[in-house]
Amino acid sequence: MNVGASAPGEPVAIRWEGDDGPAGRLLLLDQTLLPGRAEWIACGDVAAVVEAIRSLRVRGAPAIGIAGAYGMAVAAGEALAEDLEGVALRDHLAARAEALATARPTAVNLRWAVERCTAALAGLAAGATARDCRTRLLAVAREIHDEDRRLCAAIGRHGAAILPAGDVLTHCNTGCLATGGAGTALAVITSAWDLGRRFTVFADETRPLLQGARLTAWELVQRGIPVTVLVDAAAGHLLSTGRIGACIVGADRIAANGDTANKIGTYSLALLAAAHGVPFYVAAPSSTFDLSLADGSGIPIEERSAAEVLAPLGVRAAPEGAGAYNPAFDVTPARLIRGIVTERGVITPVTRQAVAAMLGAGSSSP
Ligand code: MRU
């Protein structure tokens, strides 16, 4: 199945087709259909981008940030079509920015990327036209996209250097589909493989939406890297066998002390890894850190629909009348994390001071 590639073997999930003219359009690979079908959706308006983010057609913290940024170029396209100017143009873009930034609450990359777009608009002259805004916003979205590609490669390099021997256990999907490049945790795994290391990747299936089984396994099978899917509840037993050298996962938001929000089940996995003395690593770009939050208690946790739990993949599993508890993320305390792999290097031990030392100053360039 060929879905396009940014580098050999790297599937892509987000594309802009054409230029900044009215015909330019945002295309998203509909990840809800994978691995069965690879279909692209064209986002004709911002409502379609918001819907795609909310329903996880595009997902993963860096990827929704990139989609949000392109969404701002789509918003300027709407303004172009409606001939908006002056205050009407500014109000339109501000309203669309808020709709995009709040499409999902936990991954900070989304608001970060949209705010980078609105900051770029502030730099335009007072009489800027919708066309000027479109040109500027598309340039910023492309910049964020390209930058993420470089950050993923740097995360892969730094992480591969510290990945312990043994098989690897991961959770959710943190690869090409979730980012603008090779991924975060999955980039560490594929970089280590490319350096000649050999292991099996154990992928938690990741209930309830099965990002591990559907997406991580799909990416690794395409790469020819051995992958074994397990139900999330099998992780403790697997860790007790002693064959796992490290657990490595991605992140949706990391507080200033290193507390990390990631896909539901990550916290349980970190506790199990600690109980078995297996190092637990997080991999994320600097755009995933929220230094305005002292610790993880302030991270908003998205609650999703009961249907995802009661009728997984549309097949009714629980009786009518049963309720569901469906938090999409949880917070792993910093004390359970051996290191956080960023594009700038590995934060270890994970302390407030070490986070500040790695991220406190400078740009996010690798
Ligand atoms: O709900 P999702 O599929 O968007 O959740 C994704 C995750 O939790 C990933 O681990 C995280 O965004 C990091 S992606 C590089």
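Go through the range 285-311 and report how many residues are of a type in the set (A, V, I, L, M) and under 20 Å from the mean Cα position of the chain (by Cα). Please lay out each step first, then the result.
Pass one, the range 285-311, residues of a type in the set (A, V, I, L, M): 291, 293-294, 299, 301, 306-307, 309-311.
Still in the running and under 20 Å from the mean Cα position of the chain (by Cα): 291, 293, 299, 301.
Residues meeting the conditions: 4.
Which count do you get for residues in the range 227-250 that are within 23 Å of the chain's Cα centre (by Cα), closer than 18 Å to Arg197 by Cβ and open to solvent by 10 Å² or more (accessible area, probe 1.4 Å)? Write out each step before concluding.
Going through the range 227-250, the residues within 23 Å of the chain's Cα centre (by Cα) turn out to be 227-232, 235, 246-250.
Next, only the ones that are closer than 18 Å to Arg197 by Cβ stay: 227-228, 246-248.
Add one more test, that the residue is open to solvent by 10 Å² or more (accessible area, probe 1.4 Å), and what stays is 227-228.
Residues meeting the conditions: 2.
Enumerate the pairs (first residue in the range 109-135 and not assigned by TED's automatic domain parsing to the domain that holds Gly250; second residue anywhere and of a type in the set (Lys, Arg)) with beta-carbon separation below 7 Å, excluding pairs fewer than 6 apart on the same chain, so at least 6 apart or on different chains.
Hits for this filter: Leu110/Arg104; Ala120/Arg136; Leu121/Arg136; Leu124/Arg136.
Quick one: would you say Thr170 is under 20 Å from Ala246 (Cα atoms) and polar (S, T, N, Q)? Outline the logic, then answer.
Working: under 20 Å from Ala246 (Cα atoms): yes; polar (S, T, N, Q): yes.
It is true that Thr170 is under 20 Å from Ala246 (Cα atoms) and polar (S, T, N, Q).
Can you find a residue in the range 102-113 that is out of contact with any helix residue (DSSP H, G or I) (no Cβ under 7 Å at 6 or more places or on another chain), part of a loop (DSSP other than H, G, I, E, B) and crowded, with 17+ Cβ neighbours inside 10 Å? Reasoning before the result, please.
The initial filter retains those residues of the range 102-113 that are out of contact with any helix residue (DSSP H, G or I) (no Cβ under 7 Å at 6 or more places or on another chain), namely 102, 105-106.
From what's left, part of a loop (DSSP other than H, G, I, E, B): 102, 105-106.
From what's left, crowded, with 17+ Cβ neighbours inside 10 Å: 105-106.
Yes, the conditions are met somewhere in the range 102-113.
Please name all residue pairs, on different chains or six or more residues apart, with Cβ atoms under 9 Å, provided the first residue is in the range 233-260 and is farther than 28 Å from Gly65 by Cβ and the second residue is surrounded by fewer than 21 Cβ atoms within 10 Å (Cβ to Cβ) and basic (Lys, Arg).
Listed by first residue and then by second, the contacts come to Ala233/Arg207.
Out of the residues in the range 183-209 meeting the condition of being within 10 Å of the ligand (Cβ to nearest atom) and hydrophobic (A, V, I, L, M, F, W, C), tell me which one is surrounded by the fewest Cβ atoms within 10 Å (Cβ to Cβ). I'd like the intermediate steps shown before the answer.
Quick first cut of the range 183-209, residues within 10 Å of the ligand (Cβ to nearest atom) only: 183-187, 206, 209.
Of the ones still in play, those that are also hydrophobic (A, V, I, L, M, F, W, C) are 185-187, 209.
Details: Ala185: 30, Leu186: 36, Ala187: 29, Leu209: 25.
So the residue we want is Leu209.
Determine if the range 128-149 includes at least one residue that is in contact with a Gly (Cβ under 6 Å, 6 or more places away or on another chain), among the acidic types (Asp, Glu) and either open to solvent by less than 10 Å² (accessible area, probe 1.4 Å) or within 16 Å of the ligand (Cβ to nearest atom) (or both).
Checked against the condition, which is being in contact with a Gly (Cβ under 6 Å, 6 or more places away or on another chain), among the acidic types (Asp, Glu) and either open to solvent by less than 10 Å² (accessible area, probe 1.4 Å) or within 16 Å of the ligand (Cβ to nearest atom) (or both), the range 128-149 yields at least one hit.
Assess whether Val346 counts as being within 14 Å of the ligand (Cβ to nearest atom), part of a strand (DSSP E or B) and either within 27 Å of Ile144 (Cα to Cα) or among the charged types (D, E, K, R) (or both).
Working: within 14 Å of the ligand (Cβ to nearest atom): no; part of a strand (DSSP E or B): yes; either within 27 Å of Ile144 (Cα to Cα) or among the charged types (D, E, K, R) (or both): yes.
For Val346, the condition - within 14 Å of the ligand (Cβ to nearest atom), part of a strand (DSSP E or B) and either within 27 Å of Ile144 (Cα to Cα) or among the charged types (D, E, K, R) (or both) - is not met.
For the range 60-82, which residues satisfy the criterion of being assigned to a loop (DSSP other than H, G, I, E, B) and out of contact with any helix residue (DSSP H, G or I) (no Cβ under 6 Å at 6 or more places or on another chain)? Walk me through how you get there before you give the answer.
Of the range 60-82, the ones assigned to a loop (DSSP other than H, G, I, E, B) are 60, 82.
Within the range 60-82, just Glu82 meets the criteria.
Search the range 190-216 for residues that are farther than 24 Å from His158 by Cα and in the same structural domain as Glu302 (by TED's automatic domain parsing) and pair each with any residue that is part of a strand (DSSP E or B) and open to solvent by less than 30 Å² (accessible area, probe 1.4 Å) when their beta-carbon atoms are under 8 Å apart and the residues are at least 6 apart or on different chains.
Here the result reads Glu205/Leu230; Thr206/Lys263; Gln211/Lys263; Ala213/Ala203, each pair linking the range 190-216 to a residue that is part of a strand (DSSP E or B) and open to solvent by less than 30 Å² (accessible area, probe 1.4 Å).
Of all residues in the range 224-242, count the ones that are more than 16 Å from the ligand (Cβ to nearest atom) and over 21 Å from Ala187 (Cα atoms).
Qualifying residue count, the range 224-242: 10.
Residues checked against (1) open to solvent by less than 10 Å² (accessible area, probe 1.4 Å); (2) within 23 Å of Glu147 (Cβ to Cβ); (3) out of contact with any strand residue (DSSP E or B) (no Cβ under 9 Å at 6 or more places or on another chain):
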position: Glu51; (1), (2), (3): no, no, no
position: Pro62; (1), (2), (3): no, yes, yes
position: Gly68; (1), (2), (3): yes, yes, yes
position: Ala75; (1), (2), (3): yes, yes, yes
position: Ala79; (1), (2), (3): yes, no, yes
position: Ala88; (1), (2), (3): no, no, yes
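The values are calculated or read from the model by the stated rules, or taken from the named source; none is laboratory data. It should be emphasised that the depicted structure is a prediction, and the values quoted were computed from it without experimental measurement. As a convention, Cβ positions derive from the backbone with ideal geometry for all residues, glycine included, and neighbour counts pool all protein chains shown. Only protein heavy atoms, including side chains, enter the accessible area calculation; ligands, DNA and RNA are left aside. Shrake-Rupley method; radii C 1.70, N 1.55, O 1.52, S 1.80 Å.
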